[in-house]
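Some notes on the structure that comes next.
Read-outs throughout are calculated quantities, based only on the coordinates presented, and are distinct from any laboratory measurement. Computed from a prediction, not measured in an experiment: that's the story for all the values here. All Cβ positions, glycine included, derive from the backbone under ideal geometry; neighbour counts span all protein chains shown.
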Amino acid sequence: MTNPPGRAEKLSRSAGSVVFDADVLVLGGGPAGTWAAISAAERGARVVLADKGFCGTSGATAAAGTGVWYVDPAPERREAAMASREKLGGHLQDLRWMARVLDRTYAQSNQLADWGYPYPSDDDGKPQRNSLQGPEYMRLMRKRTKQAGVTILDHSPALELLVDGNGVVAGAAGLRRQKGDRWVVNAKAVVIATGGCAFLSKTLGSNVLTGDGYLLAAEAGAEFTSMEFSNAYAISPAFGSVTKTLFYSWSSFTDEEGSVIPGASSKGGRSIIARALRKGPVYARLDEADAETQRHMRVSQPNFFLPFDRTSLDPFTQRFPITLRLEGTVRGTGGLRIVDDSCATRVQTQLSQYATRAAR
Ligand SMILES: Cc1cc2nc3c(=O)[nH]c(=O)nc-3n(C[C@H](O)[C@H](O)[C@H](O)COP(=O)(O)OP(=O)(O)OC[C@H]3O[C@@H](n4cnc5c(N)ncnc54)[C@H](O)[C@@H]3O)c2cc1C
């Protein structure tokens, strides 16, 4: 029997392991993993995706609301968007990659609309595509991943990369926690999409993000980059786990006595908040958001308001205690060093070996 396009072949089930043969193995089923899996499968590859949780509900995006860098392709808008981020990032960015991210984000957000993602519209009926609700987004991504013919292994953490005697990566192996056995996938290429590392930081959705992919890649000889920038702390209510630091641009910050803390701010004033927290509680109140901004906040990030609504606390008029939570590498700062536009690392795979030979 032949498999449909993109369907990986299950080779055997023996000695406590189920073995698959695939072209591409994707580790992790968040946005990065599902987009990679769909893209490979649509190009005819046989793809297996393994997630340590349930693909579609696990990881940082599935639990959260996500702000998206969706910018109209008009050159002046793109340049303005890049210039503002460059300033924020201390002019350390690679402009070509920023442009590539903008292109992909624009195309894929529109693709999501075509697939039926329910973007809200503004008062003029124009769709708003700069924000996604994680649960709806990732439910759709799981559906599209399955429709693309990808074999999904849920509750199946990867434990090791398979490496031949020459150090060439040839797949990976892990556990199927609900079946009590092991999986082995022989693959020509492995995509590491296991998210960042913010284990036990108490940021929403981050407890599954233990940095496994980094460890597996490091064991295979991968290099890392920009890890010195992965120490960002984000603002969160002391009683919650949603770190929407942007919203605190409209906040005042006060100490126990109710005095304003000079210099405390979400941008450029977080160190002052950190110092104040060492002395005692710090409170925020989003009292600088006007009615229109408040409405936008509620539409774009409803999960931010859940803990407030449940405790009948109005964050726009009442102050609430805040804390800072380590976001580790989940914000995309720091990780595996990639060496080309295909996002390959220097670690050889069977596919990269083949490509090198073909190019000679
Ligand atoms: C509270 C919060 C808010 C955020 N807000 C934004 C935002 O507004 N905009 C934005 O762009 N980014 C935001 N981020 C960053 C966010 O992490 C990323 O944008 C996005 O989730 C990264 O996607 P990913 O697929 O790389 O990782 P994730 O979505 O984290 O998915 C990783 C997946 O890998 C799986 N996994 C982990 N280890 C293994 C293993 N050993 N084997 C198999 N599977 C494994 C996990 O179960 C998970 O499903 C936010 C992060 C947090 C924590």
*asked:* Using only the alpha-carbon atoms, how far is helix 95-114 inclined from the longest principal axis of the chain? Give it as 0 to 90 degrees, nearest 10.
replied: 90 degrees
*Candidate aspartates and glutamates - alpha carbon under 18 Å from residue 267, same-chain residues fewer than 8 apart omitted*: 86, 287, 288, 327
_Note, ³J(HN,Hα) from phi for region 37-51, Karplus 6.51, -1.76, 1.60, rounded to Hz, x at Gly and Pro_ = 5, 4, 4, 5, 5, 5, 8, x, 6, 8, 10, 10, 10, 10, 10
_Cα long-axis angle, helix 291-300 against the chain (0 to 90 degrees, to the nearest 10)_ = 20 degrees
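Cβ under 13 Å from residue 261's Cβ, residue 261 left aside: what net charge do those residues give with Lys, Arg +1 and Asp, Glu -1?
Working: positive: 270, 275, 278, 279, 285, 319; negative: 255, 256, 257.
Net charge in that neighbourhood comes out at +3.
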*Say a paramagnetic label sat at a point 7 Å from the Cα of residue 342, along Cα to Cβ; which residues of region 159-187 have their backbone N under 16 Å from it?*
168-171, 187
*Between residue 147 and residue 91, what length comes free when the chain is fully extended (0.36 nm per residue of separation minus the Cα-Cα distance, one decimal in nm)?*
16.0 nm
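Loop-only chymotrypsin sites (Phe, Trp or Tyr not before Pro) in region 56-148, please: DSSP not H, G, I, E or B, and at most 15 other Cβ atoms within 10 Å. Working shown, then result.
On the way: sites: 69, 70, 97, 106, 115, 137; in loops: 69, 70, 115.
Listed in order of number, the matching sites are 69, 115.
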_I'd like the trypsin sites (Lys or Arg not before Pro) in region 23-98 restricted to DSSP loop residues with at most 16 other Cβ atoms within 10 Å, sorted by number._
43
*Calculate how steeply helix 350-359 sits against the longest principal axis of the alpha-carbon atoms of the chain, using the helix alpha-carbon long axis, and give the answer as 0 to 90 degrees to the nearest 10.*
80 degrees
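Just need the relative contact order of region 98-257 here, percent rounded to a whole number, with Cα pairs under 8 Å and 6+ apart. Provide the component values of the computation, followed by the final result.
Values: 145 pairs, mean separation 17.1, N = 160.
Answer for region 98-257 is 11 percent.
If each residue of separation counts as 0.36 nm, what is the full-extension length gain between residue 168 and residue 313 once their alpha-carbon separation is subtracted?
Working: separation 145, 0.36 × 145 = 52.20 nm, distance 5.58 nm.
Fully extending the segment from residue 168 to residue 313 adds 46.6 nm.
Based on other C-beta atoms within 10 Å, arrange 261, 338, 192 from fewest to most. Can you show the working numbers first?
Details: 261 18, 338 15, 192 28.
Result, fewest neighbours first: 338, 261, 192.
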*Have a look at 67, 269, 29 and tell me which one the Gaussian network model of the chain (Cα, springs below 10 Å) gives the largest fluctuation.*
269
*Find how much the distance from residue 291 to residue 83 grows on full extension, using 0.36 nm per residue of separation minus their present alpha carbon separation; answer in nm with one decimal.*
72.0 nm
*At residue 123 and residue 136, where each label point lies 7 Å from the Cα along Cα→Cβ, what is the point-to-point distance in nanometres?*
2.1 nm
*Across 126/146; 52/279; 146/188; 146/244, pairs whose alpha-carbon gap is larger than 29 Å*: 126/146; 52/279; 146/244
